[in-house]
Amino acid sequence: MAVSRMDLASNATAPKRARRFTPYAIPSNSKFYWMRLVAENPAAVGSLILLLIIALGATFAPVITQFDPDYVNPADRLSPPSSTYWFGTDDLGRDIYTRVVYGARVSLLVGLAVMVGATTIGALLGLIAGFYPRRIDTPLMRVMDGLEAFPSILLAIAIMAAFGAAVQNVIIALSVVYAPNIVRLVRGTTLMNSRELYVESARAIGMRDWSIMHKYILRNSLSPLIVQATFVVAFAILAEASLSFLGAGVPQDIPTWGGMVSAGQARLQQAWWAAVFPGVMLFITVLAINLIGDALRDALDPRSRQR
Amino acid sequence: MIAYIIRRLLLLIPVLIIVAVIVFSLVHLTPGDPTSAMLGREASAEDRAALREELGLNKPLLKQFVDWSWGAMRLDFGESFFIRKPVTEALLDRAEPTGLLTLYSLTFAVALALPSGVIAAMRPNSLIDRLLMVTSISGAAIPSFFFGILLMLFFAVNLGWLPSGGYQDIGNGFWQHFRYMIMPSVALGFSSAGLLARIVRSTMLDVLNQEYIRTAYAKGLAENQVIRGHALRNALIPAMTVTGIMLANMLGGAVVIETVFNIPGMGRLLVQSVVRRDFPVVQAAVLVVAVIEVLVMLLIDILYVFVDPRIRYGSE
């Protein structure tokens, strides 16, 4: 895939890019191939490294923090950032740096779980709808139209109102909210692919529908699906933060970035750091995921470049 | 054209039924008995039975749905458990702030996005083009509530130029009212403005590379005549769809922004009702917004014909 990308890129953009230092000469089987990837898309590679750091921090949170996220220290309440409290403390004297590191756990967990949930449901329904256009497509797509009539955050709030605040409910609610998007995408590629000759030949040699869907259709839908799934992670992290900010997401005793911004807002005049640091982390994380998504789209669909 | 509109209106019916089913099922999705969620675990069995009777939860499900939908069609959503007044009245009381907030945000987003998208397309890789790119990428990543809080920190807490939250009725003088709406509208419109500007830029770039634009220049038209008379109108169609989607997202985003800035609108009422488990209000508010979105999207499809006379729906 990487080689074909270079071929495509060389037609349109190579003369312009050649003026900058870009190690295009490095072939894809070289052990220095990563240099070319970095040079082509420094922002995405930087984002990937940043995300890895955040994920490692979240996994090994007890190792890289010196306080407990729930440790209350009234003597040091609302302390500004210092060498002891890197990001300051909140109105109960809890260390904000520690809580920001632990807060990443919820954000990343929700982001990844919703991606898996929404793409699994979405790909399955999309495949079925596209493969059986006469029987299943119309009713299923009308249901999707209905789900898509709600602004996403509103549907999520409504589902949370019914289920109550809990991490797993946030994951279910957001999977339902973002699945229709995936259904539409996979249905489109399935409709297109199932008219291809190779699908007809597979049918002719007696392959079962499921094997055709899996082997020929889903694999051909993978590129757009991967790109969309990346953006679902970013949407889900933002939506979880909004829900927790509103008090309708994760229970308030678990540190989350959205919940921390909400608590910090009440003390904005005395302690800006309580709202700003978790908000900035949220921003950086979502920005990094979006940049990776953009780079994936450019790499997997060269036609979308220059947009 | 009229035939097209009628056909589209008929197609709306199944979508609206599904929207109604989704909203109606919310109460029944509640784990266990919805009455225990509403009244709390300590409620007595008699209280619960009384509430079940009041909500009609003892009737068959289909009958409940038909009754509820029939009520919804007449804008009768029952009575709020918490505020103790008809839901429709409670929503109408809160409609003005939400409506105005959405209107201002949309105006802000379009007023910012259209010129900057056009200029960025006319001067690719210029400073304004790069600035636009950075703004739209950050706009997509920054949660609106956090952007609102940053604005608040800067313009209200540090500079003291604008009130940090609250709402003034438009009847108390426009400027007095508008001062309270500046930060919420910017916070709500910012990310949409970035998105819209990118769409305008990319469609404008496509249009500007067309032969007829070259012809327009060749026959000696000035740049702004080419842009206004030939390019912009053609670039507007994708932008219109995005504006429709933006409007719906803003109605959703208003829920969050009204909470940040303590604006007594429908969104704030919805959030309060979620916390209080006041289901009739939650259902009505969510349903109203979904219906508005469906109608806005229809309106945009119809508007296409006026912007682009080449589109003729009836003839397919």
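What to note about this one:
- Taking region A:200-307 and the helices (runs of 4 or more DSSP H) fully enclosed by it, the elements with 1 or more residues that are within 12 Å of chain B (Cβ to nearest Cβ), of a type outside the set (Phe, Trp, Tyr) and more than 30 Å from B:ARG201 (Cα to Cα) are at A:219-246, A:257-265, A:273-300.
- None of B:ARG228, B:ARG214 is more than 10 Å from every other protein chain (Cβ to nearest Cβ), at pLDDT below 85 and surrounded by fewer than 20 Cβ atoms within 10 Å (Cβ to Cβ) except B:ARG228.
- All positions within region B:260-285 that are without any contact (Cβ under 8 Å) to a residue 12 or more places away in the chain and buried (at least 22 other Cβ atoms within 10 Å of the Cβ): B:VAL274
- Condition met for B:LEU188 (surrounded by fewer than 21 Cβ atoms within 10 Å (Cβ to Cβ), in contact with a helix residue (DSSP H, G or I) (Cβ under 7 Å, 6 or more places away or on another chain) and closer than 18 Å to B:LEU247 by Cβ): no
- Within the set A:GLY279, A:GLY249, A:GLY293, the sole residue that is surrounded by 24 or more Cβ atoms within 10 Å (Cβ to Cβ), in contact (Cβ under 8 Å) with a residue 24 or more places away in the chain and out of contact with any strand residue (DSSP E or B) (no Cβ under 9 Å at 6 or more places or on another chain) turns out to be A:GLY249.
- For region A:117-125, the count of residues that are over 20 Å from the mean Cα position of the chain (by Cα) and away from every other protein chain (no Cβ under 13 Å) is nonzero.
- Boolean, A:THR98 is modelled with pLDDT under 95 and not in a helix (DSSP H, G or I): no
- Filter pass, B:ARG74 being within 30 Å of B:ARG201 (Cβ to Cβ), charged (D, E, K, R) and without any contact (Cβ under 8 Å) to a residue 60 or more places away in the chain: no
- Residue match in region B:240-259 (condition: at the interface with chain A (Cβ under 10 Å from one of its Cβ atoms), within 27 Å of B:PRO163 (Cα to Cα), touching a residue at least 24 places away in the same chain (Cβ under 8 Å) and over 14 Å from the mean Cα position of the chain (by Cα)): yes
- Subset of region A:172-220 that is hydroxyl-bearing (Ser, Thr, Tyr) and touching a Gly at 6+ places or on another chain (Cβ under 8 Å) - its residue that is surrounded by the most Cβ atoms within 10 Å (Cβ to Cβ): A:TYR178
- Test: residue in region A:154-167 that is buried (at least 22 other Cβ atoms within 10 Å of the Cβ), touching a residue at least 24 places away in the same chain (Cβ under 8 Å) and farther than 15 Å from B:ILE22 by Cβ: no
- Restricting region B:100-130 to residues that are more than 24 Å from B:ILE237 (Cα to Cα) and touching a residue at least 12 places away in the same chain (Cβ under 8 Å), the residue that is surrounded by the fewest Cβ atoms within 10 Å (Cβ to Cβ): B:LEU100
- Filtered by the rule that a residue be in contact with an Asp or Glu (Cβ under 7 Å, 6 or more places away or on another chain), within 11 Å of another protein chain (Cβ to nearest Cβ) and of a type outside the set (Lys, Arg), region B:261-303 gives a lone residue, B:GLY267.
- If you go through region B:134-165 and pick out every residue that is at pLDDT below 90 and closer than 21 Å to B:MET250 by Cβ, you end up with 7.
- Single residue of region B:233-259 satisfying the filter (within 25 Å of B:ALA156 (Cβ to Cβ) and β-branched (Val, Ile, Thr)) that is surrounded by the fewest Cβ atoms within 10 Å (Cβ to Cβ): B:THR259
- From B:ALA95, B:ALA111, residue being under 24 Å from the mean Cα position of the chain (by Cα) and closer than 17 Å to B:GLU258 by Cα: B:ALA95
- Within region B:144-180, the residues that satisfy the criterion of being within 14 Å of chain A (Cβ to nearest Cβ) and free of Cβ contacts under 8 Å to residues at least 12 places away in the same chain are B:PHE146, B:LEU150, B:LEU153, B:PHE154, B:VAL157, B:ASN158, B:LEU159, B:GLY160.
- Qualifying residue in region A:176-194 (condition: at the interface with chain B (Cβ under 10 Å from one of its Cβ atoms), among the hydrophobic types (A, V, I, L, M, F, W, C) and part of a helix (DSSP H, G or I)): yes
- Qualifying residue in region A:131-141 (condition: touching a residue at least 24 places away in the same chain (Cβ under 8 Å), out of contact with any strand residue (DSSP E or B) (no Cβ under 8 Å at 6 or more places or on another chain) and away from every other protein chain (no Cβ under 14 Å)): yes
- Residues of region A:143-164 that turn out to be more than 7 Å from every other protein chain (Cβ to nearest Cβ) and among the β-branched types (Val, Ile, Thr), as a count: 1
- Test: A:ALA149 is at pLDDT 95 or above and either among the β-branched types (Val, Ile, Thr) or surrounded by 19 or more Cβ atoms within 10 Å (Cβ to Cβ) (or both): no
- Residue in region B:162-180 that is under 24 Å from B:GLY139 (Cβ atoms), surrounded by 12 or more Cβ atoms within 10 Å (Cβ to Cβ) and of a type in the set (Val, Ile, Thr) present: no
The values are calculated or read from the model by the stated rules, or taken from the named source; none is laboratory data. Just so it is clear, the structure is predicted and the values come from calculations on it, not from any experiment. Note that each Cβ is placed from the backbone with ideal geometry, even for glycine, and that neighbours are counted across all protein chains shown.
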